[in-house]
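Enquirer: I'd like to ask you about the structure that follows.
A short reminder: the numbers here are calculations on the coordinates, not readings from a lab. The shown structure was predicted, so the numbers you read here are calculated from the model rather than taken from an experiment. Glycine gets a Cβ as well: all are built from the backbone with ideal geometry, and neighbour counts include every protein chain shown.
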Amino acid sequence: MQLFHFHVHLSLHRRIKSAFFLLETSIWLHVFAQSLVAVFIPIFFLELDYTIGEVIIYYVLYNFFDVPLNFLARWLTRKFGARAVIVAASVALIVFFSLLYALKPDNWALLVWIALFAAIYDALYWVAHVFYFMKCSTRDENISRDASSNFIISKLAAMLAPALGAFLLIAFNRQVLLIVSAIVLACSVIPLLRIRGVSDRPKKRQLSWREFFGEWRELKDYVSIGLFGVHGSAETVMWPVFIYLVYESVSSVALLPIVVAIATMIFAYFTGRVDKKRRSAFVIIGGISVALIWLSRLFFEHTIFFYASSFIIGFVSVMVLIPLDSSLLEKGEAKDPLSTSMYRNTASMFSKFVFYGILAFLINVIQMSFIVAALAMFILVIINWLIAENRQTRQRNLKVSD
């Protein structure tokens, strides 16, 4: 029995000191700090008397700045290492919080700076963090289990944080919420700096664009991630704005990420164990489901439906995102992990720039965002169905030739 207890204690000790556990802890604290504020950002702007059109322009600027900064993030990660870049991203986010703290009505100069620092944070953090995740992953050939674990960890933080964020907003004010977020964010750096034994710089040479995307099929995962990013923007920005305009309540907005997080955590565990051969089917079924939910939101107006649709969309979104990310990261690990991370975020942010750019020229931006999100998911489904059909045809031809 003593030997058993020693084995359990040793296994737990090794787990706690492992690079992947420390990275997960850092990610949890980071996501918690960001999620305290994230869902409320467009609401802050609206409460400061910025119009919906001006909120859209802010997101156009943010994504416009973000796209080229991903290339800078790759260079910095190669030069200084992923951990240093993640720390720099955390500093940029604290500056973002500080500028948001100082924002007043009709201050467009400051709003542009806020968009710039949001972009600096996003590019630095996501390029370095996804690359370092691949380096710390214990399952190089089947990264989907680590991806689902990371997803669950993130969603647990995303579930708890908005409730606390809403409480701080209602009981105190925006400034107190931003200060608490900055403190938690600073704490997220501690476990990151304790990671040992995992190189945070790429060992493989950087591939050119032509080498990286040698075949058109290689683009499929990145185009799909970009199209999924349109849905992500609609779900995390436009949908909360719609709920806020309907109920005029911060607490009603805070419920959304909580509902989504519960749904995604339940299903992420099982999706991470999906066989590679079934990934395309999951993406297609999940994509169709997400698109239909967006279209249904145009016709049904009831509180129960609003939150039920958020729960369902969180559930089926996992069917799309984890298989896509797993496929992309597994191929990228064998090829050029850092460029994989960079192109992944670039594809996502470029599609969001196009999404908000389209909305900037429209009038009924809320309803049109639902339609554009549905259209993006239908295109994603068609692309993945065509690739899956092409793969099956090649396999049948090989069997016939044998």
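Enquirer: Cβ neighbours within 10 Å, averaged per peptide: list 248-261, 47-60, 280-293 in order, most packed at the top.
Expert: 280-293, 248-261, 47-60
Enquirer: I would also like to ask the following. Using θ = phi - 60° and the Karplus relation 6.51 cos²θ - 1.76 cosθ + 1.60, list the HN-Hα couplings for the range 196-206 in order, rounded to whole Hz, with x at every Gly or Pro.
Expert: Listing the rounded values in order: 10, x, 10, 5, 9, 10, x, 8, 7, 5, 6 Hz.
Enquirer: What Kirkwood hydrodynamic radius, in Å, does the range 221-267 give when the mean of 1/r is taken over all pairs of distinct Cα atoms and then inverted? List each step's numbers first, then the result.
Expert: Details: mean 1/r = 0.0846 Å⁻¹.
Across the range 221-267, the inverse of the average 1/r is 11.8 Å.
Enquirer: Kindly write out, for the range 359-368 in residue order, the coupling ³J(HN,Hα) from the Karplus curve 6.51 cos²θ - 1.76 cosθ + 1.60 (θ = phi - 60°), rounded to whole Hz, with x marking Gly and Pro.
Expert: Working through the residues one at a time gives 5, 4, 9, 9, 9, 7, 5, 5, 5, 5 Hz.
Enquirer: Calculate one ³J(HN,Hα) per residue across the range 161-178 by plugging θ = phi - 60° into the Karplus curve 6.51 cos²θ - 1.76 cosθ + 1.60, and present them in order as whole Hz with x for glycine and proline.
Expert: In residue order, the calculated couplings are 5, x, 5, 5, x, 5, 4, 5, 5, 6, 6, 10, 6, 4, 5, 4, 4, 5 Hz.
Enquirer: A further question follows. How far is it, in nm, from the label point at residue 389 to the one at residue 199 when both lie 7 Å from their Cα along the line to the Cβ?
Expert: About 4.4 nm separates the two model spin labels.
Enquirer: Quick one: if the Förster radius is 30 Å, what FRET efficiency do residue 262 and residue 367 give, using the C-beta to C-beta distance and rounding to 0.05?
Expert: Between residue 262 and residue 367 the formula returns 0.65.
Enquirer: Take 279, 205 and order them by how many other Cβ atoms sit within 10 Å, fewest up front.
Expert: Fewest-to-most ranking of 279, 205: 205, 279.
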